[in-house]
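The values are calculated or read from the model by the stated rules, or taken from the named source; none is laboratory data. All values derive from a computational prediction rather than experimental measurement. Glycine also receives a Cβ, built like all others from the backbone with ideal geometry; neighbour counts cover every protein chain displayed. What goes into the accessible areas is simple: the full protein's heavy atoms, side chains included, and nothing from ligands, DNA or RNA. Shrake-Rupley method; radii C 1.70, N 1.55, O 1.52, S 1.80 Å.
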Amino acid sequence: MVDPASSITVVRDIGSLRHRLKDWRLANRTIALVPTMGALHAGHMALVEHAKALADEVVVSIFVNPKQFGPDEDLAAYPRPASEDWELLAAADVELLYMPDAPVMYPEHFQTYVKVTKVSQGLCGDHRPGHFDGVATVVTKLLLQALPDYAVFGEKDYQQLVVIKRLVRDLDIPVDIVGLPTVRETDGLALSSRNAYLSEDERAIAPVLYKELSAVAFDIANGARSSERCSQAADALLKAGFDTVEYVDARDAATLAPLTSQGKPARVLAAVTLGKARLIDNVPVH
Ligand code: PAF
């Protein structure tokens with residue numbers, strides 16, 4: 001199906017997706033997949049641009065995955081601006097958009113899940129039970145449906161990226177997982193589809209998250225004890241006006257294990273709530 005408003009081909013079922021990708025493969029074209037839940041912003045478009053540089057052909061998927069939302073989360077409210085998304089992708093010269101409906105992804109009697117154990121625990125895993133099982137299941141399915149050479153994700157969802165890298169290794173899925181740095185507003189706020197939930201006052205508070213995480217990363221790099229420094233940051237975030245701080249933590253960048261020694265690549269990660277928005281962010285410790 002071709003949307004009349006754009007030159008992009010939109011496929012909604014696995015057969016049509018595979019048919020299109022087979023033509024590319026037969027022509028020896030390499031393929032990059034950019035999985036998204038839509039409500040595309042400059043962060044997603046940076047993934048698309050990188051995918052275009054990596055591979056001969058790019059397919060973007062938009063699927064708001066019900067299995068990664070908890071019962072009290074924002075599945076119903078999650079923004080779904082389909083025509084704006086199509087326009088952005090067409091303007092970026094993306095030729096193929098995969099937009100399956102839920103019954104395509106999860107037909108009746110669906111009962112198979114992918115669970116990545118260790119790296120899904122702690123951090124967001126503690127606050128969103130089942131979330132990473134939903135992510136791991138849908139990403140595995142998208143990778144098996146498209147069989148791309150590359151799949152490109154943002155580092156903003158850092159734990160998600162580590163989970164995906166782990167499942168690809170553990171399940172021997174032949175794809176290169178590429179993680180790209182977070183795209184930020186000029187004041188440092190990480191771009192996120194959920195920023196749309198912020199009121200004007202909340203939007204003014206939100207960049208403090210990045211500032212505080214950057215200060216923690218700087219101090220840890222300069223010898224501060226990570227647990228003390230992270231709890232100071234949690235207090236500072238509450239004082240700055242965030243409603244709750246789910247966690248501020250410094251972890252091994254590759255395994256997300258608690259930090260035991262200085263010198264290994266590390267990451268400071270946090271999740272907070274502000275009004276209706278749950279915001280996550282993370283920064284490297286240099
Ligand atoms: O990061 C996202 O947008 C989603 O979690 C993903 C990877 C597309 C899976 O639904």
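The accessible surface of segment 164-240, taken with every protein chain in place and a 1.4 Å probe, is 50 percent carbon and sulfur. Helical content alone sets the calculated 222 nm signal of the chain at -11500 deg cm²/dmol, taking -39,500 (n - 2.57) per DSSP H segment of four or more residues and averaging over every residue.
Per residue, the chain exposes 48 Å² of accessible surface when a 1.4 Å probe is rolled over the protein heavy atoms with every protein chain present.
Here's the picture: a label point sits 7 Å out from the Cα of ALA53 along the beta-carbon direction, and within segment 154-191 the residues with their amide nitrogen under 16 Å of it are 154-155, 178-184. Each label was represented as a point 7 Å from its Cα along the Cα-to-Cβ direction; for PHE110 and LYS211 these points are 4.3 nm apart. What FRET efficiency would be calculated for the residue pair ALA91, GLU200, taking the C-beta separation as r and a Förster radius of 22 Å, to the nearest 0.05? Computed FRET efficiency for ALA91 and GLU200: 0.15. Segment 233-260 and segment 16-92 have Cα centres separated by 30 Å. Short-range pairs are left out: with C-alpha atoms under 8 Å and at least six residues apart, the relative contact order of the chain is 17 percent. On segment 11-137, 53 percent of the accessible area sits on carbon and sulfur atoms, based on a 1.4 Å probe. Only Cα pairs under 8 Å and 6+ residues apart enter the sum, and on that basis the relative contact order of segment 140-286 stands at 22 percent. Loop-located GluC sites (Glu not before Pro) in segment 75-136 (DSSP state other than H, G, I, E, B) with a sparse environment of at most 15 neighbouring Cβ atoms within 10 Å: GLU95, GLU108.
Compared with the dominant principal axis of the Cα atoms in the chain, helix 42-54 is inclined by about 60°. Before anything else, pin down the relative contact order of segment 137-212: Cα pairs under 8 Å, at least 6 apart, normalised by residue count, whole percent. About 28 percent, as a whole number. Nearest 10 degrees, 0 to 90: what angle lies between the long axis of helix 82-91 and the longest principal axis of the chain (Cα atoms)? Tilt relative to the chain: about 80 degrees. For the chain, the longest principal axis of the Cα atoms and the long axis of helix 158-170 meet at an angle of about 50 degrees. Centroid-to-centroid, using Cα positions, segment 100-127 and segment 156-192 are 17 Å apart. Full extension of the chain between HIS41 and HIS127 yields a length gain of 28.4 nm, computed as 0.36 nm times the residue separation minus the alpha carbon distance.
Approximating the spin labels as points 7 Å out from Cα along Cα→Cβ, the SER7-to-PHE218 distance works out to 4.6 nm.
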